[in-house]
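The next block holds one structure in the form of structure tokens; read it before the comments.
A short reminder: the numbers here are calculations on the coordinates, not readings from a lab. No experiment lies behind these values; they were computed from the predicted model shown. Note: ideal-geometry Cβ built from the backbone for every residue, glycine included; neighbour counts use all protein chains shown.
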Amino acid sequence: MTLLHDSGTRAKLFTVRSALWSLSKAGDPGARLMSLQPGESPYPVYAAVRARGELVRSKLGVHLTGSHPLCQEALRDPRFGVAPISELTRIDFDRHAGGRRRYVQPVDDSFLSLNPPEHTRLRKLVAPWFTPRALRARTELVERTVARELDELARRPRFDAVTDFAVRVAISTITGLLGVRTVDHDRFVWWGMTLAGTLNGVRTMGEVRETRAVLGELEAFFDELIAHRRRHPGDDVVSRLVECEADGRPLERKDLLATAQLLFVAGFETMVNLVANAIVTLLDGNGGNGDGDDGGNGGGGNTVRHRLAADPQLAEDVVEEVLRLDSPVQYVARVAREPVELGGHRLRPGSTVVLLLGAANRDPSVFAEPDRFDPGRPNSREHLAFSAGAHFCLGAGLARLQATTMLRELFRRFPALASAGPVTRRPSRNIRGVIHLPVAVRAPSRSEPAA
Ligand code: HEM
């Protein structure tokens, strides 16, 4: 049975890879996007999409748009529902599950993938944890966490700004919110990385197996946490979910698990990438990796980091501008639920549109000199990094709070922070970020090698 499933999956993966390869060679914009290599900048592809028009059809069977007004229109229009990125590149873990039972999935089974009214019913349950009031109550805790991690790092001449700093703060915050008892950073990072990778469309049998393994571990972990919180409720999201009813009905196990898992995964994966993208931009304005991939930001980061060290209030503007210039979530998809017109095109029900948020955030019709890193630009908050409409990121306020605190305090503590080695970019097309970012707490002297 497993072998049969495996050979079906293998065949599907082969078809996907071959189709992407040949369509990409033929210049298809969707295939070109789905074929980006790890670390390759997406921005030239977006420019090519934009050059072809506001709404472009791909032979993958989807439309693409990098237009800010069109992305915004589709995100806010209830005639569009949520959609998987692309049916063609998607592996259905239900069918390709090796003949065993299906695990709950944080993206596909949660309210992120539901339309109203089910979406509204579930989102409402956790929304109270993300109100401005709830965030104000959490501010001190975030500040203490950041200070504690920086105290540790101050003992070391070098550290990894991703694994030793951003990951630790983000995981500590989200696990505190969820009421997780034991924190295993390495394991959580592996879960987050693997699941974020599935948003690209899985390509190899190794990825299929790894994803299944992670889904199994994640489900067991949250089953155990839910059982614990039933017996020992605390002041946390999982305890609240356990006791609550949605519209007079008790929450089903699948909804409870998927909601907790969604918050967990969404709560640190993108968060870490935002902070990492910001540090990379600030350190030398050249992507920090010597490959010239600064996303064309004009090398302004180095000047800004000195201003930031002198004026910590600038951190908010830096966070907003990095969200715009180098968005952690590069695209989302929507499907027309009824006939609808977008950008002068008539879309039939079932038509999928890939909304290139990373491109919309550099749309020259909205942002002047869009490739330039310019914290404090007048309309920087008009970016779509947190999406828009019904699915606007629930954690946007918490993300802003954490990122601002981390950057402000990092550069206040270590004003001479410097790059200390090559940056390892995330091998992902949709989630843009960094896995490793070595830094030194002072600039290396002439006699000291940089790495
Ligand atoms: C820099 C950090 C973050 C970025 C860039 C980001 C981005 C996004 C985006 C683009 C969406 C919408 C997807 C769509 O429209 O299909 C989203 C949804 C969501 N995000 Fe975030 N996010 C971040 C941080 C967080 C944090 C810290 C949390 C929670 C602790 C969180 C929780 C959620 C949830 C629950 C949703 C689903 C909302 C819904 O479907 O109604 N996010 N996020």
Table column - 3J(HN,Hα) (Hz), region 234-244, Karplus curve with 6.51, -1.76, 1.60, x for Gly and Pro:
x, 9, 8, 4, 5, 4, 5, 5, 4, 8, 8
For region 387-422, list residues with backbone N below 19 Å from a point placed 7 Å from the Cα of Arg442 toward its Cβ?
410-421
Over region 183-282, one equal point on each Cα, no solvent: what is log10 I(q)/I(0) by the Debye formula at q = 0.11, 0.22 Å⁻¹?
-0.42, -1.17
Give me a comma-separated list of calculated 3J(HN,Hα) values for region 171-185, in order, Karplus coefficients 6.51, -1.76, 1.60 applied at θ = phi - 60°, integers in Hz, x for any Gly or Pro.
5, 4, 5, 6, 5, x, 4, 8, x, 6, 8, 10, 9, 10, 3
Mind putting together the pair-distance distribution for the chain? All Cα pairs, 10 Å bins, whole percent per bin, short to long.
4, 20, 31, 28, 14, 3, 0
Could you check the spin-label model distance between Glu243 and Arg372? Points 7 Å from the Cα along Cα→Cβ, value in nm.
5.4
In nm², the average projected area of the convex hull spanned by the Cα atoms of region 309-445 is 10.5
Which whole-number percentage describes the relative contact order of region 2-440, with Cα contacts under 8 Å and a sequence gap of 6 or more?
25
Which far-off residues, 5 or more places away or on another chain, put their amide H under 5 Å from the one on Arg425, with H placed in the peptide plane?
Ile435
Taking the dipole about the Cα centre of the chain, with the C-beta of Lys and Arg at +1 and of Asp and Glu at -1, give me whichever of Leu282, Leu407, Phe222 is farthest to the positive side.
Phe222
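Please find the FRET efficiency linking Ala213 to Ala51, where r is the Cβ-Cβ separation and R0 is fixed at 41 Å, and quote it to the nearest 0.05. Don't skip to the end; give the middle numbers.
On the way: r = 42 Å, r/R0 = 1.02.
The pair Ala213/Ala51 has a calculated efficiency of 0.45.
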Working out 0.36 nm times the residue gap between Asp151 and Arg348, then minus their Cα-Cα distance, what length gain in nm do you get to one decimal?
65.2 nm
Could you size up the charge dipole of region 2-440 around its Cα centre, putting +1 on the beta carbon of Lys and Arg and -1 on that of Asp and Glu, and report it in debye to the nearest 20?
720
Taking only DSSP H segments of four or more residues, each worth -39500 (n - 2.57), what value at 222 nm results for the chain once the sum is divided by all its residues, to the nearest 500 deg cm²/dmol?
-15500 deg cm²/dmol
Could you point to the residue in Leu257, Thr352, Thr65 farthest towards the positive end of the chain's charge dipole, with +1 and -1 charges on the Cβ of Lys/Arg and Asp/Glu respectively?
Thr352
So how much slack lies between Arg381 and Asp311, counting 0.36 nm per residue of separation and subtracting their Cα-Cα distance, in nm?
23.2 nm
Please list, in chain and number order, the residues 5+ apart from Ala333 or on another chain whose amide H is under 5 Å from its amide H, with Hs placed from the backbone.
Ala83, Leu355
Can you list residues whose amide H is under 5 Å from Phe80's amide H, if they're 5+ apart or on another chain and H is modeled 1.01 Å from N?
Arg337
Note, ³J(HN,Hα) from phi for region 314-330, Karplus 6.51, -1.76, 1.60, rounded to Hz, x at Gly and Pro:
5, 4, 4, 5, 5, 4, 4, 6, 6, 4, 6, 6, 9, 5, x, 9, 8
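Please report the antiparallel percentage of the DSSP beta bridges confined to the chain, to the nearest 5. Walk me through the numbers before you get to the answer.
Numbers: 23 of 27 bridges.
Looking only at bridges with both residues in the chain, the antiparallel portion is about 85 percent.
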